[in-house]
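The values are calculated or read from the model by the stated rules, or taken from the named source; none is laboratory data. If you're wondering where the values come from, they're calculated on a predicted model, not measured in any experiment. Heads up, the Cβs are rebuilt from the backbone with ideal geometry, glycines too, and the neighbour counts pull from every protein chain shown.
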Amino acid sequence: MDSQLYNYWLVILLMMTGLYALIARGNLIRKIIGLNIFQVSVFMLYISAGFIREGAAPILSPNVDVYSNPLPHVLILTAIVVSVATTALGLALVIRIKAAFGSIDDDTLSYSSGDSATELSIKTQKSSQ
Amino acid sequence: MSDDIILRIVGKFLIPLVVVFALYVQFHGEYGPGGGFQAGVILGAALILYRLLFGDAAARKAVSPRWLRLQAAVGVLLYGGTGVAGILLQGQFLEYNVLLTDPINGQHLGIILIELGVLLTVSATITALAYTFSADSEEHLSDPQVDASSQSDQLRS
Amino acid sequence: MIAQHAQILVVILPLLCAPLVLLLGKSRIAVWFTVGVLSVNALLTWWLLLQVLTIGTLRYSLGNWPAPWGIEYRLDPLGALLQVMIASIAAVMAPFLRKLLAEEIGSSRQYAALVAFILLTAGLLGIVATGDAFNVFVFLEISSLSTYALIAIADKRDALLASFRYLIVGTIGATFFLIGIGLVYILTGTLNMDDLAVRLPEVSHTNTTQIALIFVTIGIAIKAAIWPLHAWLIPCYSYAPRGIVAFLAALSTKVALYALARFLFGVFPLADMPIGSVLLEILQLLAIAAMLIGSAAAIAHSNVRAVLAYSSVAQIGYITLGLALATSAGVTAAIIHMFNHAFIKGSLFMCIAILATGSGKHTLESLKGLGHRMPIVGIALLIGGFSLVGVPLTSGFISKWFLITALVQAEKWIWIVAVLLSSVMSIIYVWKIVEAVFDKSDDKQVRSYDLSVDIPIVLLAAVSLYIGINSSALVSTAEQASKWLLGMP
């Protein structure tokens, strides 16, 4: 194992933390937080990959020869905007789910029966014949 | 919280500074670290701070949701319009060189217009989000979601 | 001048139309403005398709920065065909969106729905138009965010939950895709898809490339609802506003499948990669499972929208199977079915949307006998249903014919049995719907409805029929597209 690649281990740690929070928690807000941690880990992957050893910040200067790669930062700026939009939309949905269901715990939320698509309704099929 | 006189006084002192800092980040962004997105978020933060200190009604009076929607749309149009101007001046989409007779000046003008568009949209969207989540009435809930997504294409330049 | 820039205009026209519609707000001009823009857009895509077929791949550098440094838009025969499909369906549906949504969405939110609809169209067109891997991610998210908003916009309980769960799963998918792109960027230092195709073979044996391929495939497979990653699709198609579902079912999964094809064949050097053939085998197995399980689930359900949603899962299986064969014939079949299925499912969901207007219910029971009351919708439903089964003289027959030919060529005999079995199962669920809709025993009151909403249905069904009768243009385009995609001269 190359000890110089520790940034990837940190990214993986962060990624797993986010995914765990996403899967293990029923609370919708916590799910969004988990999603954010997961996304941030990917941002870190990009940004740390843009770093060049001995490289200066990518601002043109006569005294510097080696610059870090600025492109990953620009890409991630876009990804952050996407992430902000996703989070905002997710939170807006949570507010409405709370209003509609009275709960934000994923385990207690389920689709209403009746016109339901998730239940197998072989019974109704028989009765329609 | 809004009754606290210390917070109000400090806020009145701070908010203009935050706005000036946002403009600094905006105009510094052409050469150094900074740019429309960062500036937009800082400007949005100033408006949100104002809302926190002086209440929802005062904030809505200062910057109405209707105005924010207009501002967000105009920002996207400014960005896209700069791109289309490149086409109209016999260049490619988003080509800044053709905007003015001197390509270098054209580059300056192009990036300033683009960043201005980003500033308008981002600050409006961030503020609109804050309004949305704090609003008791639900009538404004769906609006910012829509333009939040339009903004994500803005920062690839 | 327009000729030179048509390629970029196709994406930026709807992208700029969205904020203008936001400014116009609730006025009626907004709708007509949108219809105008989308119609011009559809004409542009037709013109571009003809261009691509005569002079080959078109390239456009944004800001005049040459590729691979700048962002490049690249239009190949497959992309041009899909753009025609997206832009045409969007232009046909846009004028009627308001009427279709009137019952479910209050007038105060109508314009927001329109804005999201335009952004969705722009996002889908963008995914197809771009030649830059990161740009694919951006457009994927523009279209996904508009989709989440559109699903939830009616503010119904179930739709909110469906939208939220889709948001979580969809974002995981997009982020997986982003990880894959990041890994290949770290390896090669480029994001231009054609440039990646040149540079990836040098590193095709490294573990990083294999992992990047897996991340990209899983990420897109979630968006494309490839079994077993289809779970988000069923509630979304069952609970979203009816008019919206018609558009989503027609286009969004197809565009994701296009992205999958692009990355599998146009970016990653599958043949040189250790896991390349394994991945294709797995995709074939998943496709077979999707066809059989999707059809079986469609038979078991009594909610018409759930039936059609599961049928979509099965049909996506056909497309995936064609792609995963990775032969010229297989990819041709996949492309033909991508195109046909968009029109079939679009028209079927539109039919259901109109039949269910008024009652708001989508069970077989609630649709009983409506086919007699609304004959145009009923006939379109029949055409769509027959296409889904693959009855000769409908477009579905052409798709299945080419798929089975491809399987014969690849000597996958067992999978031919699976395809036929799935087709037999589709007869059962289509029959179920047709039987209910044309049930004579039921005595429902004739409900008056606006006949103009039949126009898009008639148009979509006509495309199905026309392709069933004369498919030569589509087939030759698809053959050219698959040749290009597989890198054959």
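Looking at C:LEU451, C:LEU381, which is the one that is free of Cβ contacts under 8 Å to residues at least 60 places away in the same chain and either more than 21 Å from C:HIS337 (Cα to Cα) or aliphatic (A, V, I, L, M) (or both)? It would help to see each step written out before you state the result.
Numbers: C:LEU451 fails: free of Cβ contacts under 8 Å to residues at least 60 places away in the same chain.
The conditions single out C:LEU381.
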Inset, instruction - Identify all residues within region B:80-110 that are hydrophobic (A, V, I, L, M, F, W, C) and over 20 Å from B:TYR31 (Cα atoms); write none if there are none. - result: B:VAL84, B:ALA85, B:ILE87, B:LEU88, B:LEU89, B:PHE93, B:VAL98
Inset, instruction - Determine if region C:213-236 includes at least one residue that is under 15 Å from C:ALA324 (Cβ atoms) and touching a Ser or Thr at 6+ places or on another chain (Cβ under 6 Å). - result: yes
Legend entry - Among (1) closer than 29 Å to C:CYS17 by Cα; (2) in contact with a Phe, Trp or Tyr (Cβ under 6 Å, 6 or more places away or on another chain), the one test that C:GLY219 misses: (1)
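Taking the condition surrounded by fewer than 16 Cβ atoms within 10 Å (Cβ to Cβ) and either in a helix (DSSP H, G or I) or in contact with a Leu (Cβ under 7 Å, 6 or more places away or on another chain) (or both), does C:ALA30 pass? Spell out the reasoning first.
Working: surrounded by fewer than 16 Cβ atoms within 10 Å (Cβ to Cβ): no; either in a helix (DSSP H, G or I) or in contact with a Leu (Cβ under 7 Å, 6 or more places away or on another chain) (or both): yes.
When the stated conditions are applied, C:ALA30 does not pass them.
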Legend entry - Test: C:VAL84 is away from chain B (no Cβ under 14 Å), farther than 24 Å from C:LEU196 by Cβ, of a type in the set (A, V, I, L, M) and crowded, with 20+ Cβ neighbours inside 10 Å: yes
Inset, instruction - Would you check if A:ILE59 is surrounded by fewer than 17 Cβ atoms within 10 Å (Cβ to Cβ), within 14 Å of chain B (Cβ to nearest Cβ) and either part of a helix (DSSP H, G or I) or on the phi > 0 side of the Ramachandran plot (or both)? - result: no
Inset, instruction - Filter region C:146-161 for residues that are facing chain A (nearest Cβ under 10 Å) and either more than 19 Å from the chain's Cα centre (by Cα) or at pLDDT 95 or above (or both) and give the result. - result: C:ALA152, C:ASP155, C:LYS156, C:ARG157, C:ASP158, C:ALA159, C:LEU160, C:LEU161
Inset, instruction - Would you tally the residues in region B:68-91 being more than 7 Å from every other protein chain (Cβ to nearest Cβ), touching a residue at least 40 places away in the same chain (Cβ under 8 Å) and not polar (S, T, N, Q)? - result: 6
Legend entry - region C:60-72 residues that are surrounded by fewer than 21 Cβ atoms within 10 Å (Cβ to Cβ), paired with ones that are among the acidic types (Asp, Glu) and part of a loop (DSSP other than H, G, I, E, B) (beta carbon under 9 Å, 6 or more apart): C:SER61/B:GLU95; C:GLY63/B:GLU95; C:ASN64/B:GLU95; C:TRP65/B:GLU95
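Could you identify the single residue in C:ALA271, C:ALA256, C:ALA261 that is under 22 Å from C:PRO77 (Cβ atoms), assigned to a helix (DSSP H, G or I) and modelled with pLDDT under 90? Outline the logic, then answer.
Numbers: C:ALA256 fails: modelled with pLDDT under 90; C:ALA261 fails: modelled with pLDDT under 90.
Every option except C:ALA271 fails the conditions.
This table checks each residue for (1) away from every other protein chain (no Cβ under 14 Å); (2) buried (at least 24 other Cβ atoms within 10 Å of the Cβ); (3) more than 28 Å from C:SER441 (Cβ to Cβ).
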{"site": "C:ALA287", "(1), (2), (3)": "yes, yes, yes"}
{"site": "C:ILE293", "(1), (2), (3)": "no, no, yes"}
{"site": "C:ALA298", "(1), (2), (3)": "no, yes, no"}
{"site": "C:THR357", "(1), (2), (3)": "yes, no, no"}
{"site": "C:GLU365", "(1), (2), (3)": "no, no, no"}
Legend entry - Residue that is modelled with pLDDT under 85 and assigned to a helix (DSSP H, G or I), where the choices are C:HIS337, C:HIS372: C:HIS372
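Tell me which residues, restricted to region C:369-404, are farther than 29 Å from C:ASN470 by Cα and surrounded by 20 or more Cβ atoms within 10 Å (Cβ to Cβ).
Pass one, region C:369-404, residues farther than 29 Å from C:ASN470 by Cα: C:369-370, C:372-373.
Of everything in region C:369-404, just one residue is farther than 29 Å from C:ASN470 by Cα and surrounded by 20 or more Cβ atoms within 10 Å (Cβ to Cβ), namely C:LEU370.
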Inset, instruction - Within region C:80-91, identify whether any single residue is outside any loop (DSSP other than H, G, I, E, B), closer than 23 Å to C:THR477 by Cβ, at pLDDT 90 or above and in contact with a Gly (Cβ under 9 Å, 6 or more places away or on another chain), and answer yes or no. - result: yes
Inset, instruction - Please identify the pairs in which a residue from region C:195-210 that is buried (at least 16 other Cβ atoms within 10 Å of the Cβ) has its Cβ atom under 9 Å from the Cβ atom of a residue that is assigned to a helix (DSSP H, G or I) and of a type in the set (Phe, Trp, Tyr), counting only partners at least 6 apart or on another chain. - result: C:LEU196/C:TYR185
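Check C:LYS412, C:LYS432, C:LYS440 and return the single one that is buried (at least 20 other Cβ atoms within 10 Å of the Cβ), of a type in the set (D, E, K, R), touching a residue at least 12 places away in the same chain (Cβ under 8 Å) and at negative phi.
Numbers: C:LYS412 fails: buried (at least 20 other Cβ atoms within 10 Å of the Cβ); C:LYS440 fails: buried (at least 20 other Cβ atoms within 10 Å of the Cβ).
After applying the criteria, what remains is C:LYS432.
Among A:ALA79, A:ALA92, A:ALA100, which is closer than 25 Å to C:GLY180 by Cα, in contact with a Leu (Cβ under 7 Å, 6 or more places away or on another chain), within 14 Å of chain B (Cβ to nearest Cβ) and without any contact (Cβ under 8 Å) to a residue 60 or more places away in the chain?
Details: A:ALA92 fails: closer than 25 Å to C:GLY180 by Cα; A:ALA100 fails: closer than 25 Å to C:GLY180 by Cα.
Just one listed residue meets the conditions, A:ALA79.
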Legend entry - Unmet criterion (only one of (1) part of a helix (DSSP H, G or I); (2) away from chain B (no Cβ under 13 Å); (3) more than 18 Å from the chain's Cα centre (by Cα); (4) closer than 20 Å to A:LEU93 by Cα) for C:SER108: (2)
Inset, instruction - Report whether or not C:PRO241 is over 29 Å from C:TYR148 (Cα atoms) and in contact (Cβ under 8 Å) with a residue 24 or more places away in the chain. - result: no
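Step by step: first the residues of region A:70-117, then only those that are outside any helix (DSSP H, G or I) and loosely packed, with under 15 Cβ neighbours inside 10 Å, then the one that is modelled with the lowest pLDDT. Which residue is that?
In the first step, residues of region A:70-117 are kept if they are outside any helix (DSSP H, G or I); the result is A:70, A:102-105, A:109-117.
This time we only want the ones that are loosely packed, with under 15 Cβ neighbours inside 10 Å, so: A:70, A:102-103, A:105, A:110, A:112-114.
Details: A:PRO70: 82, A:GLY102: 82, A:SER103: 81, A:ASP105: 82, A:SER110: 80, A:SER112: 75, A:SER113: 58, A:GLY114: 47.
Per the criteria, the residue is A:GLY114.
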Legend entry - C:VAL128, sole failed condition from (1) closer than 23 Å to C:ALA261 by Cα; (2) surrounded by 24 or more Cβ atoms within 10 Å (Cβ to Cβ); (3) at the interface with chain B (Cβ under 8 Å from one of its Cβ atoms); (4) among the β-branched types (Val, Ile, Thr): (3)
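If only one of A:TYR46, A:TYR20, A:TYR6 is in a helix (DSSP H, G or I) and within 26 Å of A:ALA92 (Cα to Cα), which one is it? Quick ask: steps written out before the conclusion?
Numbers: A:TYR46 fails: within 26 Å of A:ALA92 (Cα to Cα); A:TYR6 fails: within 26 Å of A:ALA92 (Cα to Cα).
The unique qualifying residue is A:TYR20.
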